[in-house]
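The values are calculated or read from the model by the stated rules, or taken from the named source; none is laboratory data. Quick caveat, the model's predicted, so the values are computed rather than measured. Neighbour counts are summed over all protein chains in view; Cβ atoms, including those assigned to glycine, are modelled from backbone coordinates with ideal geometry.
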Amino acid sequence: MDSQFEQMVQVNIQGRVFVICTSHGMTDQTVIGYYTEVLQQAIASMLTDESTPADFHRLLNEQAEWLESEIKQHSESEQLEAPAAPPRKTDSHTEGGSEQSSKPPNTDKKATGYVPEAKSMPERLKDRRAEMEHLLVNDCVTLKLVSPKQAKKLKRGLVGRDPEKAEAELVGQLRNALHEQVRKFIRKNNGGPWSTATLQTDVRMDITRTRTLRALVTLSRQLLNEREEWLSKTKSSLTGRFFGGRVKMDK
């Protein structure tokens, strides 16, 4: 990406974020700056040296739609969390004409003064993708579903995207990696712990059915345990701890 193209990218992103935020009544420069950085990181992770201005504007439109939905969702959440207005005092008359002021129940209970603190939009967004990022750069790397370099790249790709859509794409990619690891192990070891066609089909279906990154990591560990238990029973020599490692069978 040459300097002129890069400058055009930055200017267009800053302008689009500013327009979207101000149209929703958001004028806090900290929030606007945060979302500008989010969109810059997201788009930069998807651009390549061969990308054209048309490619950039397509990505910018996609990220702008995401930002619009994120702001609307946050606004709706704030309305739901807003405290209800206190009841107005009214005067009531008894049959004898005496005037009494109505009182709310439990008037002897002291107020705690505690008001739940509402999180800002950047905080909400960060929380929603925090678990995915942790699983990706830790568990998925340990299980060799991705390399450390790939994990960092995929982590950058989560920024500025709808968490649900981003997770669906990520899980789809990692499912393929797990499928390939299991398939290679089965071929090299005559099925291993999944020696029958039925067992192999069950494993494939279990992998295919995973929809969250947490579920995929859990399943990967379960399959790993089955593999290690089988190797232990067959007195095999294990030179690679995980599916992605090399397995050497004793002669």
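Details
- Among the residues of the stretch 8-59, those that are β-branched (Val, Ile, Thr), buried (at least 18 other Cβ atoms within 10 Å of the Cβ) and in contact (Cβ under 8 Å) with a residue 60 or more places away in the chain comprise Val38, Ile43.
- Within the stretch 152-168, tally of residues that are surrounded by fewer than 20 Cβ atoms within 10 Å (Cβ to Cβ) and in a helix (DSSP H, G or I): 9
- Whichever residue in the stretch 22-51 is within 20 Å of Gln150 (Cβ to Cβ) and assigned to a helix (DSSP H, G or I) and, among such residues, is modelled with the lowest pLDDT: Ser45
- In the set Val203, Val171, Val217, Val182, only one residue is buried (at least 17 other Cβ atoms within 10 Å of the Cβ), touching a Phe, Trp or Tyr at 6+ places or on another chain (Cβ under 6 Å) and modelled with pLDDT of 90 or more; that residue is Val203.
- Some residue of the stretch 241-248 being basic (Lys, Arg), modelled with pLDDT under 90 and over 18 Å from Lys184 (Cβ atoms): no
- Residues located in the stretch 134-188, provided they are of a type in the set (Ser, Thr, Tyr) and closer than 18 Å to Thr218 by Cα: Thr142
- Test: Lys149 is basic (Lys, Arg), closer than 30 Å to Glu62 by Cα, part of a helix (DSSP H, G or I) and at pLDDT 90 or above: yes
- Pairing each residue of the stretch 159-181 that is farther than 10 Å from Arg211 by Cα with any residue that is among the hydroxyl-bearing types (Ser, Thr, Tyr) and buried (at least 19 other Cβ atoms within 10 Å of the Cβ), provided the two are 6+ apart or on different chains, yields C-beta distances under 6 Å for Leu178/Ser220.
- For Val9: the one exception among (1) assigned to a helix (DSSP H, G or I); (2) modelled with pLDDT under 85; (3) not aromatic (Phe, Trp, Tyr): (2)
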